[in-house]
Each structure stands twice: as C-alpha cells, then as structure tokens.
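A short write-up of the structure that comes next.
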Amino acid sequence: MARYTDASCRLCRREGEKLFLKGERCTTNKCSITRRAYAPGHHGQNRKKLSEYGIQLREKQKARRYYGVLESQFRKYFDMAVKKKGITGENLLQILELRLDNVVYRMGLAASRPEARQLVRHGHFTVNGKKVNIPSYLVKLGDVVAVREKSKGTTKMKDNKELAAVKPSPKWIEYDAEEMSAKVVALPLREDIDLPIKESLIVELYSK
C-alpha cells in the first residue's frame, strides 16, 4: 500500500497547525510551524481565502494526517460510521481512535502515531495474546493490547515505558504500567478525543 514518504513537517505547515507527527520535536523551537508558519511551496505565503468546500476539504485532510490514514481507507471508515447508530462524525472519530496504532500511542508507549505505527509493524504488540502487526487493526471493547514479552527488554520499549509513566491514558483505556498492557474498558466518546477536528465539516464534505 502506498504511504506518504515526504517530510512530516510539510503536512503540519500545509494544515497551518501542529499535528504532532514527530513527537517531542513538535514541542521545541525546532518545530517547522514555529519557524515557518505558512504553507510549503513557492506560493505558500500567499494563501488565498478558502471557499466553503476548501474549508471542509482541509478539515478532512487534517483528520487523515493526524491518524496517518490514506484517502481510500478514510472513506471506508466514513462508510462504516454512516452505518453505525449515533452521530456520524463522532462515530468516525471513534473508529479512528480504535486503530491499533492509535491505541498504542494513547497508551503512551510511543511519542507519536507514526512511531506507534512503526512499532506495531515490527511486531512488538499483541491483542488478546496474539501478535498483531497491522496498524489499522480495529480493537474492540474488552480487548487487551500488550507489549510482547520478548520486546519488553529492548532499549526502545524501556524508554517508552518511562514515557508512558508520565503521560496520562484516556479514561476508555485501563493501562497497566507493570505489565505494559492496556484493556479497552469503554468506547471513546467525543469528549475523550482531544484533537481539534470539526467532524461535522467532514460529514458535510462527504454528503455533497
């Protein structure tokens, strides 16, 4: 599957806000938004006023980039959200939050979602005791996500365990610091998701 391989900081500059794609770097003065708070490219500093469609499109692109999801995958999640009971926009964010790479990030065992995605791909995590190396795997209520025993002793996981100790987990995850595991004890609600996404604009875009 194709993936974005260009500089992550270009995505933040394109959206005009921090997407926290590079972990700790995003909180320092090395952040590209701090140094160049305009869109990339020759005409980046001459950004025109967006149309209604443009505003909706940018909101969808921002959500995609927060979670590291391709367009076709994002559309699939939207179709799933439409079929679920409840508010479509909130359903969409809930589905995105339940991706395995995002759960690992929410556990605090990765500094960013891209790092969490890489750790999952390298086979460092299990779901209900079985190794899962698919970042897009959707966890369910009651599932237990854990670091594999053979991975706990790696330098990276030891460092990330310290990171998790100071990073609070959302209330829908019950994190066990000693076991480096987490149980999904509830489905994430809109108030549990701290991202500045206006999901209603995404719904409006796809409803045209």
query = Hey, does the stretch 140-147 have a residue that's hydrophobic (A, V, I, L, M, F, W, C), loosely packed, with under 13 Cβ neighbours inside 10 Å, at pLDDT 95 or above and not in a strand (DSSP E or B)?
reply = yes
query = Does residue 105 count as aromatic (Phe, Trp, Tyr) and without any contact (Cβ under 8 Å) to a residue 12 or more places away in the chain?
reply = yes
request  = Only one of these is closer than 30 Å to residue 54 by Cα and not basic (Lys, Arg): 119, 98. Name it.
outcome  = 98
ask   = Which of (1) touching a strand residue (DSSP E or B) at 6+ places or on another chain (Cβ under 7 Å); (2) crowded, with 16+ Cβ neighbours inside 10 Å; (3) of a type in the set (Gly, Ala, Ser) does residue 123 not meet, given it meets every other one?
value = (2)
remark   = Listed by first then second residue, the pairs whose first member lies in the stretch 109-127 and is touching a residue at least 12 places away in the same chain (Cβ under 8 Å) and at positive phi, whose partner is in a loop (DSSP other than H, G, I, E, B) and surrounded by fewer than 19 Cβ atoms within 10 Å (Cβ to Cβ), with beta carbons under 8 Å and at least 6 positions apart or on separate chains, are 123/133; 123/148
inquiry  = I'm told residue 90 meets every condition in (1) over 21 Å from residue 68 (Cα atoms); (2) part of a helix (DSSP H, G or I); (3) within 18 Å of the chain's Cα centre (by Cα) except one. Can you identify the failing condition by its number?
reply    = (1)
remark   = Within the stretch 192-208, restricting to residues that are hydrophobic (A, V, I, L, M, F, W, C) and touching a Lys or Arg at 6+ places or on another chain (Cβ under 7 Å), the one that is surrounded by the fewest Cβ atoms within 10 Å (Cβ to Cβ) is 205
ask   = Would you say residue 69 is outside any helix (DSSP H, G or I), under 21 Å from the mean Cα position of the chain (by Cα) and at pLDDT 90 or above?
value = yes
message = Take the residues in the stretch 166-191 that are of a type in the set (A, V, I, L, M, F, W, C) and not in a loop (DSSP other than H, G, I, E, B); name whichever of them is surrounded by the fewest Cβ atoms within 10 Å (Cβ to Cβ).
response = 166
query = List the pairs whose first member sits in the stretch 146-166 and is more than 13 Å from residue 123 (Cβ to Cβ), whose second member is part of a helix (DSSP H, G or I), and whose Cβ atoms are under 7 Å apart, counting only residues at least 6 apart or on separate chains?
reply = 164/107
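The values are calculated or read from the model by the stated rules, or taken from the named source; none is laboratory data. These numbers were taken from a predicted model, which means no experiment stands behind them. Quick reminder, even Gly has a Cβ in these numbers, built from the backbone with ideal geometry, and neighbours come from all protein chains shown.
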